[in-house]
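Written out below as structure tokens is the structure these notes cover.
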Amino acid sequence: MVFLHGGEYNAASVATTREYPFAAKSGEPAGNYPVRTGFSFTQADSGSNGYYVNWKAFPGETPVITSGQTIAGWELHDAQRRIYRAAVAPGMEFRQLYVNGVRAVRARTEAEPAGLGFIKETGFSSSEQWLAALKEQERIEMVLQAHWCNHRALVQNGRDVLAAQPAAWTHMVDTGLPSVTGPEMFKYLENAYEFLDQPGEFYWSQAESAVYYIPRADQDMASAEAVVPSVDELLTVAGGSLDETAHHLRFEGLTFEYSTWMRPSYAGYHVNQSN
Ligand SMILES: [Ca+2]
């Protein structure tokens, strides 16, 4: 029995990075992307002789395993648009921001923004100037909702036309239902500074190592608690092989907070029936 006292156990402080290979399937891009993993248990941590190793909350206390990192030092950046800015540590990566425990929204356009056209072979086009004028255009995600699927395509190159990474795009538009060309599709663009216009929206600028945020009506950025997650997996249990399994481990009464999932930033997200 191992008792954990109340308090925070920071998964980021023990995090290691490994490469996660994702399989090429029906034209999906193949490749590796990094996964940051916090506390890890292996076969060496297993119980033996039929006994379990129990990792358990000390009675009456609340141990919290978290990778949350506090973002402080918010300053008003654009008074007219009520955009605040804070620095983050270089190298941090995240897709979520929580302010006073409420998840913020990645800066996005409205659905079906004016002048945004759909090119089946490529991606999106714009009949107006706003698309080409975006500063960090290569970080935009093209989000397409078709039937029950929510696809995300990454930009391969842009300016007047946002061209998606081709293998992923083909997978999305050419695999039958739920095709993104169907009449039930709607689309928007996500993740650009210029899309900040609603309370609760945020944008993380990788180039600047900074976060921009428009607070909600009840949030004062001088006192608000802003937290971003920093690892994908807070706790893992993995053996070395089928002959070296991890076993006889129990976890009881533990609380987990703040993890991220960075795969869509590296590979987009393309789904289909039954996967
Ligand atoms: Ca917006």
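Here are the numbers for the structure shown:
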read-out	value
Identity of the residue in segment 94-124, in contact (Cβ under 8 Å) with a residue 24 or more places away in the chain, of a type in the set (Gly, Ala, Ser) and not in a strand (DSSP E or B), that ends up surrounded by the fewest Cβ atoms within 10 Å (Cβ to Cβ)	101
Filter result for residue 144 (in a strand (DSSP E or B), closer than 15 Å to residue 265 by Cβ and under 21 Å from the mean Cα position of the chain (by Cα))	no
Breaking point among (1) at pLDDT below 95; (2) of a type in the set (Lys, Arg); (3) buried (at least 18 other Cβ atoms within 10 Å of the Cβ), for residue 25	(3)
Criterion: in a loop (DSSP other than H, G, I, E, B) and in contact with a His (Cβ under 7 Å, 6 or more places away or on another chain) - qualifying residue of 60, 73, 91, 47	47
Only listed residue being of a type in the set (Val, Ile, Thr), over 30 Å from residue 133 (Cα atoms) and within 20 Å of the chain's Cα centre (by Cα), chosen from 227, 155	227
Subset of segment 219-233 that is of a type in the set (Asp, Glu) and touching a residue at least 24 places away in the same chain (Cβ under 8 Å) - its residue that is surrounded by the fewest Cβ atoms within 10 Å (Cβ to Cβ)	225
Residue selected from segment 185-239 under the condition in a loop (DSSP other than H, G, I, E, B) and among the polar types (S, T, N, Q), by the criterion nearest to residue 11 (Cα to Cα)	230
Selection count where residues are within 16 Å of the ligand (Cβ to nearest atom) and surrounded by 16 or more Cβ atoms within 10 Å (Cβ to Cβ), scope segment 81-93	2
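Here's the yes/no breakdown for (1) over 30 Å from residue 79 (Cβ atoms); (2) away from the ligand (no atom under 16 Å from the Cβ):
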{"site": "187", "(1), (2)": "yes, no"}
{"site": "192", "(1), (2)": "no, no"}
{"site": "198", "(1), (2)": "no, no"}
{"site": "207", "(1), (2)": "no, yes"}
{"site": "216", "(1), (2)": "no, no"}
{"site": "229", "(1), (2)": "no, yes"}
{"site": "238", "(1), (2)": "yes, yes"}
{"site": "244", "(1), (2)": "yes, yes"}
{"site": "248", "(1), (2)": "yes, yes"}
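The values are calculated or read from the model by the stated rules, or taken from the named source; none is laboratory data. Just so it is clear, the structure is predicted and the values come from calculations on it, not from any experiment. So basically every Cβ, Gly included, is an ideal-geometry build from the backbone, and we count neighbours across all protein chains shown.
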